[in-house]
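Just below is one structure, and these are the notes that go with it.
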Amino acid sequence: MSLHGKVAIVTGSGRGLGLAYARELARLGAAVVVNDVDTEVAKAAVDTITADGGRATAVVAPVGPTETADRLVETAVSEFGRLDILVTNAGVLRDTVLWKMSDDDFDTVLNVHLRGTFTCVRAAATHMRAAGEGGRIIAIGSPTGQRGNFGQTNYAAAKAGIVGMVRTWAMELQRAGITVNAVVPVAATAMTETVPFFKDFVDAAAAGEPLPPFARKVLGFGTPEDAASVVGYLASDAAAEVTGQAIGIGGDRLALWSHPTEQVVAIAEDGWSTETISASAESLFGGAWQSVGQPMPKPPADPAAKPADGEGASQKP
Ligand SMILES: NC(=O)c1ccc[n+]([C@@H]2O[C@H](COP(=O)([O-])OP(=O)(O)OC[C@H]3O[C@@H](n4cnc5c(N)ncnc54)[C@H](O)[C@@H]3O)[C@@H](O)[C@H]2O)c1
């Protein structure tokens with residue numbers, strides 16, 4: 001599991017999930033380039049990692065522009081001599097329903113998540129290919145990108161786009177020995193504090209209280225540290241052959257997401273017309289229309305109750 005001698009960049013790692021990823025990679029031995037737009041949390045993250053016996057430096061700059069991506073790679077090389085691991089985690093929300101979403105809401109979210117992932121991975125992959133020693137790219141998706149979510153047009157577009165890019169990059173970078181995977185986390189952070197459904201659990205986690213089994217096992221909602229284990233795994237030798245995957249983690253739930261795939265295929269001898277599709281669609285697709293959105297199971301009367309054996313694990317995402 002050791003990452004001694006390795007160097008990682010984690011974007012948006014001043015707080016929340018990014019901080020947990022940076023700390024986990026440092027715990028495993030990697031030197032870490034911390035990044036955030038918030039100077040104070042970036043500095044505090046470096047201090048925490050250093051106090052724990054790790055090595056870290058900070059780049060305070062907004063992910064999105066190419067200049068920041070280049071600066072992150074240059075800093076990894078100038079401070080620690082190499083680059084092995086990139087985690088593209090930086091993110092913001094601008095939630096509102098489609099008809100109220102401004103151009104700025106859309107562009108801001110796409111710029112940080114989708115463009116930020118693109119520019120950082122392009123810079124890191126260019127360096128890794130030239131260095132010829134392989135590497136690990138870990139991008140961050142979301143259940144919203146996989147399934148859609150009310151009020152998150154911009155975020156759904158960005159996160160679905162990120163997992164789409166991951167599949168493409170897994171193919172393009174395979175020959176260079178660079179694995180590319182997505183993590184689909186759910187955890188108590190400042191970001192989920194804004195979701196009313198999760199608010200009580202985020203408050204409990206912030207107060208240091210253990211999350212109830214319903215949250216951890218059925219909802220798949222836990223702490224940033226829970227999610228960091230998947231980043232540690234994907235960066236480690238144990239995952240050397242794993243690429244093009246989307247791995248879900250939240251609380252006690254670990255999941256492998258499927259990629260979109262055709263559910264029903266029908267061939268018409270001379271092609272399909274509006275009339276023949278209209279006449280056949282229900283009989284062809286009727287049992288297979290796809291649901292949208294992430295299921296939100298109802299809490300039990302006693303939230304501390306232990307879920308039945310297999311509950312949560314059997315839940316289809
Ligand atoms: N929390 C969840 O349950 C959850 C679920 C799915 C996906 N995610 C994803 O995980 C990532 C981290 O989320 P979080 O919950 O820790 O959020 P958070 O808001 O707690 O932390 C995000 C960090 O990114 C920083 N940041 C924002 N814009 C930046 C930019 N342009 N450049 C650099 N840093 C920037 C912020 O200052 C902050 O420190 C995001 O990509 C988010 O979409 C989170």
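What follows draws every value from the coordinates through simple rules; no lab data is involved. A quick note: this is a predicted structure, and the numbers were derived from the prediction, not measured. As a convention, Cβ positions derive from the backbone with ideal geometry for all residues, glycine included, and neighbour counts pool all protein chains shown.
Okay, residues lined up against (1) closer than 15 Å to Asn89 by Cβ; (2) of a type outside the set (Lys, Arg); (3) in a helix (DSSP H, G or I):
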position: Val218; (1), (2), (3): no, yes, yes
position: Leu234; (1), (2), (3): yes, yes, yes
position: Thr243; (1), (2), (3): no, yes, no
position: Pro260; (1), (2), (3): no, yes, no
position: Val264; (1), (2), (3): no, yes, no
position: Asp270; (1), (2), (3): no, yes, no
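In region 162-183 there is no residue that is surrounded by 24 or more Cβ atoms within 10 Å (Cβ to Cβ) and of a type in the set (Lys, Arg).
Among residues of region 62-74 being surrounded by fewer than 19 Cβ atoms within 10 Å (Cβ to Cβ) and in contact (Cβ under 8 Å) with a residue 12 or more places away in the chain, the one that is nearest to the ligand (Cβ to nearest atom) is Pro62. Screening Asp36 with (1) surrounded by fewer than 15 Cβ atoms within 10 Å (Cβ to Cβ); (2) of a type in the set (D, E, K, R); (3) closer than 24 Å to Ala182 by Cβ gives one miss only, at (1).
Out of curiosity, is Leu3 of a type outside the set (D, E, K, R) and within 15 Å of the ligand (Cβ to nearest atom)? Spelling it out, it is not the case that Leu3 is of a type outside the set (D, E, K, R) and within 15 Å of the ligand (Cβ to nearest atom).
Restrict the check to region 223-231 and report whether at least one residue is more than 16 Å from the ligand (Cβ to nearest atom), under 30 Å from Val180 (Cα atoms), in a loop (DSSP other than H, G, I, E, B) and not basic (Lys, Arg). Within region 223-231, not a single residue is more than 16 Å from the ligand (Cβ to nearest atom), under 30 Å from Val180 (Cα atoms), in a loop (DSSP other than H, G, I, E, B) and not basic (Lys, Arg).
Scanning region 232-279 for residues that are over 12 Å from Asn181 (Cα atoms), in contact (Cβ under 8 Å) with a residue 60 or more places away in the chain and of a type in the set (A, V, I, L, M), we see that the one that is surrounded by the most Cβ atoms within 10 Å (Cβ to Cβ) is Ile249.
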